[in-house]
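> Quick one: the structure is below, and I'll ask about it shortly.
Quick note: the coordinates plus some simple rules give every number you see, no bench work behind them. Predicted, not measured: the structure shown is a model, and the values here were computed from it. When we count neighbours, we look across all protein chains shown, and the Cβ atoms used for this are built from the backbone with ideal geometry, even at glycine.
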Amino acid sequence: MQQLAATSELDFHSDTYKDAYSRINAIVIEGEQEAHENYIRLAELLPEHKDDLIRLSKMESRHKKGFEACGRNLQVTPDMQFAREFFAELHQNFQHAAAEGQVTTCLLIQSLIIECFAIAAYNIYIPVADDFARKITEGVVKDEYSHLNFGEVWLKDHFKEVKDELEQANRQNLPIVWKMLNQVEEDARTLAMEKEALVEDFMIQYGEALSNIGFSPRDLMRLSAYGLTAA
Ligand code: PL3
Ligand code: FE2
Ligand code: FE2
């Protein structure tokens, strides 16, 4: 009900909406661009899955184009500088892990954390988006589930060998997600997206993914607790 009331009051052409959109839209464009690059890097690290990963990287550039069109449609110029800073920590951690050949950490950052973040954000955005952006986002979110699935399947197949590195990568990167959410909380609310809903959706996707990979309910509690302290 609250969501409905909020939507009917949204003015997609107001200065307030467009100002917040210039940052959120940029974050999403930057996120899709980094995802594109990350899957190309992963294709180098996992040559036996090269074709699949290159296919995912191409989907990410299509997503980026779609969200660029959403910004243009509202006559908003995305604040890309803001967005690059927003992703800087995760970006650095991914680059570092890739340089060390830590495929597990790279997959946790891209296919679990970033994809779950995207799925949560897009799910919460769809009901409050303008008509143009809603259609684009509905198409994109379907793809993101398949990207999350790629990571889940690979990590599940190698669970014994990757478990410790996953725990360590989770501990290092999950707190960053909460910091990122806090940074966009206000702008997201201007778009009628509530932080609590984003957190809830993220934790559901992420927890399900960890459970599919092989973590026990007890492990899940421990893993999810990281970062809550930072939120
Ligand atoms: C991977 O395929 C895509 C990575 C994109 C990451 C997006 C994170 C978005 C968080 C910002 C919350 C508001 C989202 C608004 C949706 C248009
Ligand atoms: Fe994407
Ligand atoms: Fe994706």
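> Go over the candidates E89, E32 one by one and state the one that is surrounded by 15 or more Cβ atoms within 10 Å (Cβ to Cβ), in a helix (DSSP H, G or I) and within 16 Å of ligand 3 (Cβ to nearest atom). Don't jump to the end; show me each part of the working.
Working: E89 fails: within 16 Å of ligand 3 (Cβ to nearest atom).
After ruling out the rest, the residue left standing is E32.
> Give the residues of segment 168-187 that are farther than 18 Å from L90 by Cβ and surrounded by 17 or more Cβ atoms within 10 Å (Cβ to Cβ), sorted by residue number.
Across segment 168-187, the qualifying residue is only D187.
> Ok, one more. Of everything in segment 142-164, what is within 16 Å of ligand 2 (Cβ to nearest atom), without any contact (Cβ under 8 Å) to a residue 12 or more places away in the chain and farther than 14 Å from H49 by Cβ? Give them in sequence order.
K142
> Being more than 24 Å from W154 (Cβ to Cβ) and either within 15 Å of ligand 2 (Cβ to nearest atom) or not hydroxyl-bearing (S, T, Y) (or both) narrows it down to one of K65, K58, K50, so name that one. Explain how you work it out, then say what you get.
Details: K58 fails: more than 24 Å from W154 (Cβ to Cβ); K50 fails: more than 24 Å from W154 (Cβ to Cβ).
It is K65.
> Also, quick follow-up: Looking only at helices (runs of 4 or more DSSP H) that fall completely inside segment 134-230, which ones have 2 or more residues that are within 11 Å of ligand 1 (Cβ to nearest atom)?
So the answer is 159-190, 195-213.
> Give S14, S61 a once-over and let me know the one that is surrounded by fewer than 18 Cβ atoms within 10 Å (Cβ to Cβ), of a type in the set (S, T, Y) and within 14 Å of ligand 1 (Cβ to nearest atom).
Details: S14 fails: within 14 Å of ligand 1 (Cβ to nearest atom).
Just a single option satisfies the conditions, and that option is S61.
> Can you confirm whether segment 71-85 contains a residue that is surrounded by 13 or more Cβ atoms within 10 Å (Cβ to Cβ), in a helix (DSSP H, G or I), touching a residue at least 24 places away in the same chain (Cβ under 8 Å) and among the acidic types (D, E)?
There is no residue in segment 71-85 that is surrounded by 13 or more Cβ atoms within 10 Å (Cβ to Cβ), in a helix (DSSP H, G or I), touching a residue at least 24 places away in the same chain (Cβ under 8 Å) and among the acidic types (D, E).
> Tell me which residues, restricted to segment 188-218, are of a type outside the set (F, W, Y) and in contact with a Ser or Thr (Cβ under 9 Å, 6 or more places away or on another chain).
T190, A192, M203, G207, A209, L210, P217
> Could you tell me which of the residues L191, L181, L198, L210 is under 30 Å from H49 (Cα atoms) and touching a Leu at 6+ places or on another chain (Cβ under 8 Å)?
L210
> Here's something else I'd like to know. Please list, ordered by first then second residue, the pairs with beta carbon atoms under 9 Å, 6 or more apart or interchain, first in segment 116-137 and surrounded by fewer than 20 Cβ atoms within 10 Å (Cβ to Cβ), second of a type in the set (K, R).
From segment 116-137, the pairs are I126/R134; P127/R134; V128/R134.
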